[in-house]
Every structure is written in structure tokens, then in C-alpha cells.
Amino acid sequence: LGCGNPTALIDLREGQTVLDLGSGGGIDVLLSARRVGPSGKVYGLDMTDEMLELARDNQRKAGVDNVEFLKGDIQAIPLPDSSVDVVISNCVINLAPDKSKVLNEAFRVLKPGGRFAVSAVVVRGQVSPALRRDMELWVGCIAGALDEADYRSKLNAAGFGEVDVETWRVYEGVAPEADGTFASAFIRARKPE
């Protein structure tokens, strides 16, 4: 369902190659495809056949040709090193068991100077172990959220520079003991030249 609009985070240009991690039904892929134009390319990566079928159906309906939907895990991206200009994602990285692997893979597939621009839920404070194990909150991309500082640290450890975590919406009502603890954030970084 998403927690933001990663395509609004970044200036996409004609001819660029974009990768959407956890592309679901493909809306962010299709929006990006229009912005990079026919000389550009957008990959959508998802691990479920149902979402890939929906995304390909949406692609046909939209009449967009510069798109390819791939089946795979965001912890092991099925693309070569230095093959994309921009990595986007809409609240999917929180679902990965090993966020460091995802960020390392994003760094690997980005070209030098490439940009990382995702929407994610982040934690601002302490979260109880019980909330971290709540399956409903996992499905809602909340229980697996990283702390803001941890997100920055993992991006830096992967090799990214110019890391920026901008929270824009604080959640209330997630759980009584966690009001104000979770927030939607725009997360940006760049692979050095």
C-alpha cells in the first residue's frame, strides 16, 4: 500500500534507468517510466507471482513499453553491478529480514553517482519486543521499521553518502504505548562518483 510517494522524492530525467524495490502492482514503476521516457528503462522487482501478474496487467493497460517486472528478493537483486541510476521503494524495505543486505544490494546495482530515494516508516524512540513481533504490524510495514539513526548508519556502512532522513508524518493510534514513535520518512542517499 505504501507510506509515501518515492517518485516525488527525486528528479527523474529522460534516459535514466530506475529500479523499484518491492514494486507490488507497479504504480511507482509506471509513474517513473513516463518520467524517464522511451529512452529510459524502469525495473520493478517483486517476490510474488500475484503482484507481478497484477503489475504486468497494469503495464498493458497503461500501454507502457519501457518497463520490465522481475521476480526476486530485494536482498539479492537480480541485476548486474552498476546498472541503474536510481533506486526507489515505497515502504517495502521494512519487510526485509536483513535491511543491511537490501541497502548493500541497492548500492551494488547503482551506477557511481546513482541515487537512492525511498519512502519508509522509521522509529523515533523505543519499541517493545511485543510490538516488534506483532504480525499485523509487520504486514503494515511498521514492526520491521528501523530507527532513524540506524537507517543512517546502515546506509553509511553500505557506502552511501549524502544521507538524509526526513520524517513527514508521525503515526498515532498504532498502539497505545507507541503513539508518536513511528513516522513516515523520505530517505535519500547517493553512491559516490
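Rule-based calculations on the coordinates, nothing more; no lab input. Since this is a predicted model, take the numbers as computed values, not measurements. Note: ideal-geometry Cβ built from the backbone for every residue, glycine included; neighbour counts use all protein chains shown.
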**Cβ-defined net charge surrounding Gly40, 10 Å radius [Lys, Arg +1; Asp, Glu -1]** = +2
**Item:** Overall Cα dimensions of region 40-119 - principal axes, largest extent first, Å
**Value:** 34, 28, 22
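Excluding Asp85 itself, calculate the net charge of residues whose Cβ lies under 9 Å from the Cβ of Asp85, where each Lys or Arg counts +1 and each Asp or Glu counts -1. Walk me through the intermediate numbers first.
Values: positive: Arg13, Lys111, Arg115; negative: none.
Charge balance in the 9 Å sphere: +3.
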**Cα gyration tensor shape for region 1-64, rounded if a/c is under 1.5, else prolate or oblate** = oblate
**Prompt:** Tell me, what does the Kirkwood hydrodynamic radius of region 30-75 come to in angstroms if you use every pair of distinct C-alpha atoms?
**Reply:** 10.9
